[in-house]
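A.B. asks: Right, I'll just put the structure down here and ask away after.
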Amino acid sequence: MWVPTERSMGIVQRVFYWHVSVAWVSFLAFFIVFVASILYLVKKASSWDHLAYSAAHVGVLLNAIVLVSGSIWARPIWGTWWVWEPRLTTALVLFLIYTGYIMVRSYSAESQAPRYAAVVGIIGFADVPIVYFSIRWWRTIHPGPVVAGGQGSGLDPRMLLTLIISVVAFSLLLWLLLRVMVALKKSEDEIKQMQRELQS
Amino acid sequence: MQYFVYLFAAYTFITLAMLGFVLSMVRKQERLNREIETLKKMLEAKSEATQVWPASRP
């Protein structure tokens, strides 16, 4: 293997390359929800709502992957699957917030759902910086930042390059999934329009 | 190679989760395409019926 094995954790540390990059890309997805929700409320264009809806779905999937892969990584290193410490707890809250976003979309009246969901999407984004900074603000069992973490942090150049490649790959995957999801949402709207025409 | 099983489990889970999501989207797109085709046919039939009806009126 090209990338070196970490000294203290051994081979299981390699979960890091997917776990961290998926976490960053999930933050990007929630940022897209945040921006698209604001633009939807301002411009009332359904294309922004479609983007926010799609990004929320992909974000929840990525966030679930972060929680589960982190838990699998924690088991051999911490000796437990889960600890109620700041990083894990705020990440779980983030997952629940955007699951709530999807539930609002599903259970609200059709005409109101995009507006209600946009509000949840905007307010919910407040948890993203809390998740990111939780390991700097509070004492935690979770490892500190290894990129831009100040003195004492840092990565071997090969590890850093592997992480960057992984982040780029997952960002491209996010872009691809968003394109497909937006197309699906447009198809759903087309069907609703045709059903209305049939009934009229 | 200690803990290899955990590394394998994590990578397998991530891969399967992604594949599952993509597969569900593909299936949904196929279902929506079928639904759109059916609705298009129903709309065509409806517009033909409304065009024929006034001409056949006595």
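The values are calculated or read from the model by the stated rules, or taken from the named source; none is laboratory data. This is a predicted model, so every value here is computed, not measured. For neighbour counting, all protein chains shown are included, and Cβ atoms are generated from backbone atoms with ideal geometry for every residue, glycine included.
A.B. asks: Every residue in the stretch A:120-138 that is in a loop (DSSP other than H, G, I, E, B) and under 23 Å from A:Y107 (Cα atoms), please.
C.D. replies: A:F125, the sole residue that qualifies.
A.B. asks: Right, here's the next one. Only residues in the stretch A:46-62 that are free of Cβ contacts under 8 Å to residues at least 40 places away in the same chain count as the first member; pair them with residues that are aliphatic (A, V, I, L, M), Cβ under 6 angstrom, at least 6 apart or cross-chain, and list the lot.
C.D. replies: Taking only residues 6 or more apart or on different chains, the pairs are A:W48/A:A36; A:W48/A:L39; A:G59/A:A29.
A.B. asks: Exactly one condition in (1) within 14 Å of chain B (Cβ to nearest Cβ); (2) under 25 Å from B:S24 (Cβ atoms) is false for A:R75; which is it?
C.D. replies: (2)
A.B. asks: Turning to a different aspect of this structure: List the residue pairs whose Cβ atoms are under 9 Å apart, where the first residue sits in the stretch A:10-39 and is among the aromatic types (F, W, Y), the second is outside any helix (DSSP H, G or I) and crowded, with 20+ Cβ neighbours inside 10 Å, and the two are 6 or more positions apart or on different chains.
C.D. replies: A:F30/A:F125; A:F31/A:F125; A:F34/A:F125
A.B. asks: Quick one: A:T99 ticks every box in (1) more than 14 Å from every other protein chain (Cβ to nearest Cβ); (2) surrounded by fewer than 16 Cβ atoms within 10 Å (Cβ to Cβ); (3) out of contact with any helix residue (DSSP H, G or I) (no Cβ under 8 Å at 6 or more places or on another chain) bar one, so which box is it?
C.D. replies: Condition not satisfied by A:T99: (3).
A.B. asks: Anything in the stretch A:163-183 that is facing chain B (nearest Cβ under 10 Å) and either surrounded by 19 or more Cβ atoms within 10 Å (Cβ to Cβ) or touching a residue at least 60 places away in the same chain (Cβ under 8 Å) (or both)? List them, or say none.
C.D. replies: Correct list: A:F170, A:L173, A:L177, A:M181.
A.B. asks: In the stretch A:141-159, is there at least one residue being buried (at least 16 other Cβ atoms within 10 Å of the Cβ), outside any loop (DSSP other than H, G, I, E, B) and more than 14 Å from every other protein chain (Cβ to nearest Cβ)?
C.D. replies: Yes, the stretch A:141-159 contains at least one residue that is buried (at least 16 other Cβ atoms within 10 Å of the Cβ), outside any loop (DSSP other than H, G, I, E, B) and more than 14 Å from every other protein chain (Cβ to nearest Cβ).
A.B. asks: More than 10 Å from chain B (Cβ to nearest Cβ), closer than 18 Å to A:Y132 by Cβ, in a helix (DSSP H, G or I) and at pLDDT 90 or above: which single residue out of A:A91, A:A56, A:A36 fits that description?
C.D. replies: A:A91
A.B. asks: Which condition number in (1) part of a loop (DSSP other than H, G, I, E, B); (2) of a type outside the set (K, R); (3) closer than 18 Å to A:D189 by Cβ is the one that A:L51 fails?
C.D. replies: (1)
A.B. asks: Would you confirm, using the coordinates I've provided, whether A:V12 is out of contact with any Asp or Glu (no Cβ under 7 Å at 6 or more places or on another chain) and either more than 12 Å from chain B (Cβ to nearest Cβ) or not in a helix (DSSP H, G or I) (or both)?
C.D. replies: No: the conditions fail for A:V12.
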